[in-house]
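The values are calculated or read from the model by the stated rules, or taken from the named source; none is laboratory data. Bear in mind the structure is a predicted one, so any value in this text is a computation, not a measurement. Cβ placement follows ideal geometry from the backbone for every residue including glycine, while neighbour counts extend to all protein chains displayed. Each accessible area value is taken on the protein alone, full model and side chains, heavy atoms only, with ligands, DNA and RNA left out. Shrake-Rupley method; radii C 1.70, N 1.55, O 1.52, S 1.80 Å.
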Amino acid sequence: MPKRLSPLELMTKLISFPTVSRDTNLPLIDWVEDYLNSHGITAHRYYHPDQPKAALFAHVGPWEEGAVVLSGHTDVVPVDGQPWDTDPFTVVEKDGRYYGRGTCDMKGFDAIAIWAMVEAQARGLKRPLQLALSFDEEIGCTGAPPMIEAMQPVLPKGSAVIVGEPSMMKAVTGHKGGQGYSVHVRGFEVHSSLLPSGVSAILEAGRILEWVNATNAEIQTAEPTPVAAMFVPPFTTLHVGNIQGGTARNITAKDCRLDFETRVVPGEDSEAWKQRFVDHVREVEARMQSVRPETGIDLEPLFDVPGLRPEEDGEAEAMVRAITGDNAAHVVSYGTEAGQFQDAGYSAVVCGPGDIEQAHQPNEFIEIAQFNAGVDFMGRLLSRL
Ligand SMILES: [Zn+2]
């Protein structure tokens with residue numbers, strides 16, 4: 001039997017693969033699969049339909065339903081243009097911290113999860129443990145849903161999912177969901193003195209902005225639901241984060257582009273929010289086309305991530321609370337794959353080492369104490385299983 005690597009050795013290995021979301025993650029997946037195989041664990045893959053990327057999932061313990069699922073993503077955000085003091089793809093220990101891209105978000109947790117799988121295989125378990133490593137989390141959580149679908153017919157269905165995004169090892173039971181669209185308003189250029197015979201993409205985009213403002217104002221007059229009240233701010237928000245358009249003061253703009261997003265309180269119907277937006281856009285478009293039929297508004301979906309709803313008597317939450325002793329309520333403002341597992345019928349919670357403040361930053365790090373707290377947590381989870 002080959003050597004069992006420590007959590008730190010595993011993290012060091014994982015970080016040496018520069019698995020930025022736009023690039024392949026196959027060398028990392030190959031390595032993890034070989035490592036698991038060498039310890040007698042069979043791994044399975046789900047391949048991206050047209051890019052060299054794969055998700056990996058595996059099961060140890062009795063071949064039955066009810067596994068605890070350890071969920072992490074393998075991709076990291078780019079380091080381009082960031083002032084790093086050390087090589088981002090080498091783990092460097094300094095000042096009580098491990099530095100490197102992904103130490104915090106979230107190869108630190110991935111390493112601990114892989115360590116736990118091999119430990120579990122060696123010790124033997126009464127209740128199964130599963131590992132699920134996705135791709136493309138950082139570009140809108142698009143890799144997890146097909147992975148979850150691919151897992152179901154291959155592995156016995158797990159019941160409680162721990163998504164190890166950095167939460168300082170607190171049990172996070174809720175986050176907002178959201179959707180994003182890139183919007184391209186295509187107008188018709190005329191001299192501005194002839195305004196009614198043209199279609200200004202900028203002025204029409206302004207109708208979308210008006211709707212965003214009016215809708216935000218309307219949302220905020222409503223009494224927050226108990227779930228909404230856990231969030232700051234305690235309501236769904238709509239936002240336009242950038243806008244470009246036009247060529248000259250006296251020409252009706254031919255093009256205007258903007259990025260729109262929703263951040264939806266979990267439990268609210270996010271499909272309905274999407275529909276309200278699309279309906280409004282189609283109204284604006286119809287008005288444009290009554291002047292110039294060749295104009296229009298193109299929508300390109302950017303992301304669509306369900307929120308994580310706090311569960312009543314959730315199994316995942318109860319288990320994490322029993323291990324950490326943390327009984328406070330925590331919700332976060334960032335999205336994760338936890339809502340996607342929940343939508344697929346799993347109980348899900350977010351709990352992982354490190355602070356989200358360090359994610360995506362130059363000189364990303366994880367406190368060694370946090371990394372060790374993650375290992376400690378996993379040791380206690382294994383004892384329970
Ligand atoms: Zn992450």
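Within the accessible surface of segment 143-238, defined with a 1.4 Å probe on protein heavy atoms only, the carbon and sulfur portion equals 63 percent.
Ligands, DNA and RNA left out, the 1.4 Å accessible surface of segment 277-385 is 46% carbon and sulfur atoms.
For PHE235, the accessible surface of its heavy atoms amounts to roughly 50 Å² (probe 1.4 Å, protein chains only, rounded to the nearest 10). Considering only VAL281, VAL350, VAL161, the mean-square fluctuation computed in a Gaussian network model of the chain, springs between alpha carbons under 10 angstrom, is largest for VAL281. Rounded to the nearest whole Hz, the Karplus-based 3J(HN,Hα) values (6.51 cos²θ - 1.76 cosθ + 1.60, θ = phi - 60°) of segment 244-256 follow the sequence 9, x, x, 10, 7, 4, 9, 10, 5, 5, 7, 10, 8, with x at glycine and proline. Under 5 Å from the amide H of VAL20 lie the amide H atoms of VAL76, each residue being 5 or more positions distant or on a separate chain, with H modelled from the backbone and absent for Pro and chain starts. Placing TYR47, TYR98 in order of accessible area, with the largest value first and a 1.4 Å probe, yields TYR47, TYR98.
When only the Cβ of Lys, Arg, Asp and Glu is charged (+1, +1, -1, -1), the dipole of segment 1-123 relative to its Cα centre reaches about 200 debye. Taking loop as defined by DSSP and a crowding limit of 14 other beta carbons within 10 Å, which GluC sites (Glu not before Pro) in segment 303-385 fit? Of the GluC sites (Glu not before Pro), the ones in loops of segment 303-385 whose Cβ has at most 14 other Cβ atoms within 10 Å are GLU312.
Annotation: amide H-H contacts under 5 Å for ALA54 (H modelled 1.01 Å from N, sequence separation of 5 or more, or interchain): ASN25, LEU26, HIS48. Residues whose amide H comes within less than 5 Å of that of GLU364, counting only those at least five positions distant or on another chain, are GLY100 (H built at 1.01 Å from N in the peptide plane).
Based on alpha-carbon centroids, what's the gap between segment 179-229 and segment 141-156 in Å, whole number please? Here the two parts' Cα centres lie 37 Å apart.
Take segment 258-300 with all the other protein chains still there, run a 1.4 Å probe, and you get 51 Å² of accessible area per residue.
Order the following by accessible area, largest value first: LEU238, LEU26. Probe radius 1.4 Å; ligands, DNA and RNA are ignored.
Sorted descending by solvent-accessible area, the residues read LEU26, LEU238.
THR221 exposes around 120 Å² of accessible area when a 1.4 Å probe is run over every protein chain in place.
Per residue, the average separation of C-alpha pairs within less than 8 Å and at least 6 apart gives segment 133-213 a relative contact order of 13 percent.
In order along segment 361-369, the Karplus-derived 3J(HN,Hα) couplings, from 6.51 cos²θ - 1.76 cosθ + 1.60 at θ = phi - 60°, round to 8, x, 6, 4, 8, 10, 4, 4, 4 Hz, and Gly and Pro are given as x.
Note on exposure: ILE41, ILE368, ILE202 ranked by accessible area (1.4 Å probe, complete protein assembly) read ILE202, ILE368, ILE41, with the most exposed listed first. Pair-distance distribution of the chain: all C-alpha pairs, bin width 10 Å, starting at 0; shares per bin in whole percent are 5, 22, 28, 22, 13, 7, 3, 0, 0.
Ordering 248-256, 100-108, 70-78 by mean Cβ neighbour count within 10 Å, with the highest value first, yields 100-108, 70-78, 248-256.
The packing ranking of peptides 373-382, 285-294, highest mean first, is 373-382, 285-294, where packing means the average number of other beta carbon atoms within 10 angstrom of each residue. With the charge dipole of segment 298-357 set up from +1 on Lys and Arg Cβ and -1 on Asp and Glu Cβ about the Cα centre, the Cα lying farthest toward the positive end among the listed residues GLY335, VAL350, MET319 is that of MET319. Once all protein chains are placed together, HIS184 keeps about 30 Å² accessible to a 1.4 angstrom probe. Across the chain, the relative contact order, built from alpha-carbon pairs under 8 Å that are at least six residues apart, equals 24 percent.
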